[in-house]
Every structure is written in C-alpha cells, then in structure tokens.
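To start, the structure itself, in structure tokens.
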Amino acid sequence: MKQEMIGDVPNSILGMYADLSHKLQAGAITPEELGLFLKKRNPFAVNSEKLLDQWHQFYLDIFDVGATFSGIRIPNFRESFPWLIVPIPEVPTNAVWQGYKNQGIPTWSYYGDDLEAVITQNDRNTKKGAYVIWVRDRVEADEELKNLSANQLKDKNIPVITCDERLRLGLYYWWKTGG
C-alpha cells in the first residue's frame, strides 16, 4: 500500500502534528507537558511537589498560615486514590470548621463548633506533625463500604478518611474550584 506523503513526511505524522498544535493552542496540553514528553518522561504523571505547593497556597490563602512540608513523606500514588490531603498541626479541626464559616460557606453541626471536644479518636492525626494521605475522588462515601459502622470498619482494619481530613478536602476543593 502506497503511503501518502508531503515532502518526506507521511500524512499521518502531519495529522498528529496538527492535532498537537491545536491542543497546545487550546491549552489541552501545556508547553511543560510537551517538554517532558520530548524528554521521554511521562507528562501526565502526578507531580507531588506541585500538589504540595497548592496545599501550601491553600493554607496561606484561607488560614494565613505558611505551612512547611519539609521532611514529609508522600506515599506512592495509586490510580484509584487521586486526591491528596495534607493535614498540618498549625490548623486544627476547629480552625478548619471555622474556615468554612469565614469563607461564607453555610455550615451546621449537631455538635456545635467545638468538633475537637467530641471527635476524640481518629485513625490519623497531626500530633506528630503534618502528614499526607491519598483518597478516592468521590463526593459520597464508598459504595462498597455503605452500611458499615466505624466500629465495623475498625474491626475489619479498613482505613477510611477521618472527619478532619474530609473537612480539609471539602474546603480545599471549594478553594481550588472557586466555590
């Protein structure tokens, strides 16, 4: 089968070049991503440093706290857990709850505003410093864990997102998406 060419370049390559050019112009691919691809590196790999920078900016914008993440260990990325949460001790749970109110986000709690007084046990906390956790990109609780109590999850040794982590993620998502 004869391959159609323009000069020494096959039409299929020119089509890919045109598609790439269009995606660059539209912003679907960034110049940085193209540069990584040309260096034979995955341009779509998760950039943990960039995510930490975004969390730093979040804490600065919402709480006026300059978070430092030096020495923090980021667990390996797993495709099914694409959302990163970075709790820090400088912003406790009650401050996160207050952050919603400060941003004008309607809130209500059966327990009032002192969540730390009633939530006394967590799988993870910031007592030993900041940490990182990856969670699923789901708005609602995992379908496969529905109808399981906290005690049942604990008995089965299934780690789940804590109230503090969920509050941080919700406020971060609100900040990131502009409300």
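Quick rundown of the values:
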quantity: Whole-Hz couplings from phi, Karplus 6.51/-1.76/1.60, listed for the stretch 139-156; x for Gly and Pro; calculated: 7, 9, 4, 4, 4, 6, 10, 5, 6, 9, 7, 4, 5, 5, 4, 5, 4, 8
quantity: Rg ratio (alpha-carbon, reference 2.2 N^0.38 Å) - the stretch 27-75; calculated: 1.47
quantity: Cα-centre dipole for the chain with unit charges at Cβ (Lys and Arg positive, Asp and Glu negative), debye to 20; calculated: 400 debye
quantity: Gain in span if fully extended, Lys50 to Asn147, counting 0.36 nm per residue against the direct Cα distance; calculated: 31.3 nm
quantity: For Val91, Val9, order by how many other beta-carbon atoms lie within 10 Å, fewest first; calculated: Val9, Val91
quantity: Residues Asp137, Asp8, Asp53, sorted so that the one with the fewest Cβ neighbours within 10 Å comes first; calculated: Asp8, Asp137, Asp53
quantity: Amide proton proximity set for Asn47, modelled H, under 5 Å, gap of 5+; calculated: none
quantity: Calculated from backbone phi, Karplus (6.51, -1.76, 1.60) coupling profile of the stretch 24-39 in Hz, x at Gly/Pro; calculated: 5, 5, 7, x, 5, 10, 8, x, 5, 5, 5, x, 5, 4, 5, 8
quantity: Helix 48-63 vs. the chain, principal-axis angle (Cα, 0 to 90°, nearest 10); calculated: 50 degrees
quantity: Length added when fully stretched, Lys40-Asn102, from 0.36 nm per residue minus Cα-Cα; calculated: 17.8 nm
quantity: Over the chain: helical MRE at 222 nm, DSSP H runs n ≥ 4 each giving -39500 (n - 2.57), nearest 500; calculated: -12500 deg cm²/dmol
quantity: For Rg and Dmax of the Cα atoms in Å, calculated from these coordinates, the label among [x] 22.1, 76; [y] 22.0, 73; [z] 17.1, 51; calculated: [x]
quantity: Cα-based helix-to-principal-axis angle, 93-102 vs the chain, degrees rounded to 10; calculated: 70 degrees
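FYI, it's all coordinate maths here, none of it is from the lab. These numbers come from a predicted model, not from an experiment. No Cβ is skipped: glycine too gets one built from the backbone with ideal geometry, and neighbour counts run over all protein chains shown.
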